[in-house]
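K.L.:
Dropping a structure here in structure tokens format, bear with me for questions.
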Amino acid sequence: MTTPPSPRWTRLAAWLRGFARGRHPWALATGALLACAFPSPGMAGLAWIAPGLILLVAAGQPPKAAFRLGYSAGLAHYLISLSWLLRIPAPGAPILGWLALSAFMALNTGLWVWLCWRNFPVPLVAPPGGDTTWPALARRFLVGNWAQRFAWTLFGASLWVAWEMNIARFLGGFPWNPLGASQYRLIPLIQIASFTGVYGLTFLPVWFSLSLLSAGFAIVGRPMLKSAWAAEAILPMATVGAVYVLGYQKVMVPESSHRLLKVALIQPSIPQTIIWDANGARSRLDKLLELSRASLAAHPDLIIWPEGLVPGMPRFQKEISDPITDFCRSNHVWLILGADDAKPAPGAETWDGAEFYNSSFLVDLEGRFATQYKKRRLVIFGEYIPLVRWLPFLKYVTPIQSGFTPGEHAVNFPLKEPRANLSVLICYEDIFADPTREYASDQTDFLVNLTNDGWFGEGAAQWQQAAAAIFRAVENGLPLVRCANNGVTGWADARGRIQSVLETPERGIYGPGWLFIKVPLLDNGTPREPTYYQRYGDRFGWLCVAYALILVLPSRRVVKA
């Protein structure tokens, strides 16, 4: 005699059958398509269809169901695109952080789907006993006039931009994988970022995708009208074409420079577990110096080391600083490095009460620590713990026990012999669009990013960060040089074209080595002409926020549950 299944298992089995037969598997699939638009695999074309497919899955559903379907799509997207978090070498914490962050970020997709259909100009939910087939849904979709549907597609794209603007600012911001960053290889198209920032490259694919959705419904709802789709899609198609042509013309104009800075980028590829090992401190420094000595064969003017690989605090430890200063002085070479630093409490003889900083330093030709920049945008739960004063238990469930103090302002790194002015961004500061404008004056020659991607092993995080960073070059009209522990060490010009990347035969972009590059400089005494974005920032993004709010704030429940 067999034991009947418990009611709990019966209910679970029934829920799973209903889930499999419903739309949620399709929602998960559309979220996976969206994730595939980003590195890796980096199939950028999927960004132009995935948003519309996500809305299609939820079309005609009651509001709560629409939100759940959007949430499922968002959850699949973030679980896949943020899976590199699982590579962080900390027991237990990575999987919890991966799940929690993905679950939180998916709320944005769920709310986007819900608000898009909530603000559609006509009801789409079939009345009780009504026709629920796709042709019937398409006919209901087309009840409103073209102008209403056109305004709705603009609303959907503006709302997506508004979410990204919020993500970049809420709790310090986490603007990872904005949709526009997936288009970083389409060089003519991304030139619009010099006016709109990366948000222009988010707006265009979403608007295009929603217009394709409208065109698809027009084809299904009006099958006898062969050109029904054209009115829905022709305007975004023409806009994208115009943006591409104008960008192509801009890219074809040669950039002239009579001065070049010879730079050697050092990528030691030191695993994070070794960085945490105090016994291996000297070997890390020796590795950096060994690769730097090898790079001297190319006669660089400047050598750059990645973030946070110099052990200890060199300003306070002569056994660390002396080999560095001796190297610069004896070889007559400038050096930019990343290292920890501290400001002791007034009158204190110990480090109690000190402020600690994630810093970068410029070491001059005489071996002096000439200039310092203190990182301003700290990584939540990686470099600081929010609310730790009120919730002290948080420090026991994170990889760190204490945190850094943020810096206060951008710092110019001036070089002489040859003359150059650089601005340094540390770690993921290069994914923040608007704050980077402060680092780009009319005398800045190029931006430098120091980062330690060894936290994430050999995963997709390195290319995802680099893809977003490309837009800082286009937005500000400046070359961007990146020096990573392992990952994308190289540089892109002011048009966002990747000029060179360090790759090794054994491990590709993740292996140790050094890369010699020549970066163009401003002609002496000639200021750089700032881009529109560098002058005015996220005006386009705020315009999208305003348009979305205009339609969202008046409560209009046109879709009834």
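The values are calculated or read from the model by the stated rules, or taken from the named source; none is laboratory data. This structure is a prediction, so every number in the text was calculated from the model and none was measured. Don't worry about glycine lacking a Cβ; one is built from the backbone with ideal geometry, like all the others, and counts go over all protein chains shown.
K.L.:
Let me spell it out: the conditions are (1) surrounded by fewer than 18 Cβ atoms within 10 Å (Cβ to Cβ); (2) in a strand (DSSP E or B); (3) aromatic (Phe, Trp, Tyr), and Trp542 meets all of them except one. Which number is the exception?
P.N.:
Of (1) surrounded by fewer than 18 Cβ atoms within 10 Å (Cβ to Cβ); (2) in a strand (DSSP E or B); (3) aromatic (Phe, Trp, Tyr), only one is false for Trp542: (2).
K.L.:
Among (1) farther than 22 Å from Val519 by Cβ; (2) in contact with a Phe, Trp or Tyr (Cβ under 9 Å, 6 or more places away or on another chain); (3) modelled with pLDDT under 95; (4) not basic (Lys, Arg), there is one condition Pro386 misses while meeting the rest; what is its number?
P.N.:
Every listed condition holds for Pro386 apart from (2).
K.L.:
Follow-up question, since we're still on this one. Please give the number of the condition Gly511 fails out of (1) surrounded by fewer than 19 Cβ atoms within 10 Å (Cβ to Cβ); (2) without any contact (Cβ under 8 Å) to a residue 60 or more places away in the chain.
P.N.:
That leaves (2) as the condition not met.
K.L.:
Let me ask something else. Restricting attention to region 170-212, which residues are in contact with a Gly (Cβ under 7 Å, 6 or more places away or on another chain), within 30 Å of Val143 (Cβ to Cβ) and surrounded by fewer than 24 Cβ atoms within 10 Å (Cβ to Cβ)?
P.N.:
Leu212
K.L.:
While we're here: What number of residues in region 339-366 are surrounded by 19 or more Cβ atoms within 10 Å (Cβ to Cβ) and out of contact with any Pro (no Cβ under 6 Å at 6 or more places or on another chain)?
P.N.:
Total satisfying the criteria: 9.
K.L.:
Here is a further query. Which one is nearest to Arg419 (Cα to Cα) among residues in region 497-535 that are assigned to a helix (DSSP H, G or I) and within 21 Å of the chain's Cα centre (by Cα)?
P.N.:
Once the filter is applied, the top-ranked residue is Gln534.
K.L.:
For region 219-227, does any single residue satisfy the condition of being of a type in the set (S, T, N, Q) and either under 29 Å from Val57 (Cα atoms) or buried (at least 18 other Cβ atoms within 10 Å of the Cβ) (or both)?
P.N.:
Within region 219-227, one or more residues are of a type in the set (S, T, N, Q) and either under 29 Å from Val57 (Cα atoms) or buried (at least 18 other Cβ atoms within 10 Å of the Cβ) (or both).
K.L.:
Next up: Identify, from the list Tyr244, Tyr199, the residue that is more than 20 Å from Pro39 (Cβ to Cβ) and at pLDDT 95 or above.
P.N.:
The conditions single out Tyr244.
K.L.:
Consider Leu450 against the criteria (1) over 22 Å from Cys328 (Cβ atoms); (2) of a type outside the set (Phe, Trp, Tyr); (3) in a strand (DSSP E or B): it satisfies all of them except one. Which criterion is unmet?
P.N.:
Only one criterion in (1) over 22 Å from Cys328 (Cβ atoms); (2) of a type outside the set (Phe, Trp, Tyr); (3) in a strand (DSSP E or B) is unmet by Leu450, namely (1).
K.L.:
Got a number for residues in region 310-365 being over 23 Å from Ala294 (Cβ atoms) and in contact with a Lys or Arg (Cβ under 7 Å, 6 or more places away or on another chain)?
P.N.:
Counting residues in region 310-365 that are over 23 Å from Ala294 (Cβ atoms) and in contact with a Lys or Arg (Cβ under 7 Å, 6 or more places away or on another chain) gives 6.
K.L.:
Take Ala473 and decide whether it is free of Cβ contacts under 8 Å to residues at least 40 places away in the same chain and not in a strand (DSSP E or B).
P.N.:
Taking the combined requirement at face value, the residue satisfies it.
K.L.:
In this structure, does Phe120 turn out to be part of a loop (DSSP other than H, G, I, E, B) and modelled with pLDDT of 90 or more?
P.N.:
Here the answer is yes, as Phe120 does meet what is asked.
K.L.:
Which of the following residues is in contact (Cβ under 8 Å) with a residue 60 or more places away in the chain and among the aliphatic types (A, V, I, L, M): Ala492, Ala461?
P.N.:
Ala461
K.L.:
Residues to consider are Val125, Val143; find the one that is buried (at least 18 other Cβ atoms within 10 Å of the Cβ) and of a type in the set (A, V, I, L, M).
P.N.:
Val125
K.L.:
Something else: Hey, does region 70-88 have a residue that's buried (at least 24 other Cβ atoms within 10 Å of the Cβ), of a type in the set (A, V, I, L, M) and either part of a loop (DSSP other than H, G, I, E, B) or over 22 Å from the mean Cα position of the chain (by Cα) (or both)?
P.N.:
No, region 70-88 contains no residue that is buried (at least 24 other Cβ atoms within 10 Å of the Cβ), of a type in the set (A, V, I, L, M) and either part of a loop (DSSP other than H, G, I, E, B) or over 22 Å from the mean Cα position of the chain (by Cα) (or both).
K.L.:
Could I ask something else about it? Output the number of residues of region 317-364 satisfying the condition of being part of a loop (DSSP other than H, G, I, E, B) and either at pLDDT 95 or above or out of contact with any strand residue (DSSP E or B) (no Cβ under 7 Å at 6 or more places or on another chain) (or both).
P.N.:
Within region 317-364, residues that are part of a loop (DSSP other than H, G, I, E, B) and either at pLDDT 95 or above or out of contact with any strand residue (DSSP E or B) (no Cβ under 7 Å at 6 or more places or on another chain) (or both) number 13.
Residue by residue, here is whether (1) of a type in the set (Val, Ile, Thr); (2) crowded, with 17+ Cβ neighbours inside 10 Å; (3) more than 24 Å from Ala420 (Cβ to Cβ); (4) at pLDDT below 95 holds:
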site: Thr273; (1), (2), (3), (4): yes, no, yes, yes
site: Trp276; (1), (2), (3), (4): no, no, yes, yes
site: Leu288; (1), (2), (3), (4): no, yes, no, no
site: Ser295; (1), (2), (3), (4): no, yes, no, no
site: Ala298; (1), (2), (3), (4): no, no, no, no
site: Pro311; (1), (2), (3), (4): no, yes, yes, yes
site: Arg315; (1), (2), (3), (4): no, no, no, yes
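K.L.:
Do we have Ala93 as of a type outside the set (Ser, Thr, Tyr), closer than 27 Å to Gly221 by Cα and either more than 30 Å from the chain's Cα centre (by Cα) or at pLDDT below 95 (or both) here?
P.N.:
No; evaluated as a whole, the condition is false for this residue.
K.L.:
Let me ask something else. Kindly provide the set of residues from region 446-475 that are surrounded by 24 or more Cβ atoms within 10 Å (Cβ to Cβ), under 19 Å from Leu265 (Cβ atoms) and among the charged types (D, E, K, R), ordered by number.
P.N.:
Asp453, Arg472
K.L.:
Of the residues that make up region 113-125, is at least one within 21 Å of Trp160 (Cα to Cα) and free of Cβ contacts under 8 Å to residues at least 24 places away in the same chain?
P.N.:
Checking region 113-125: not a single residue is within 21 Å of Trp160 (Cα to Cα) and free of Cβ contacts under 8 Å to residues at least 24 places away in the same chain.
K.L.:
Could you tell me whether region 258-270 includes any residue that is part of a helix (DSSP H, G or I) and hydrophobic (A, V, I, L, M, F, W, C)?
P.N.:
no
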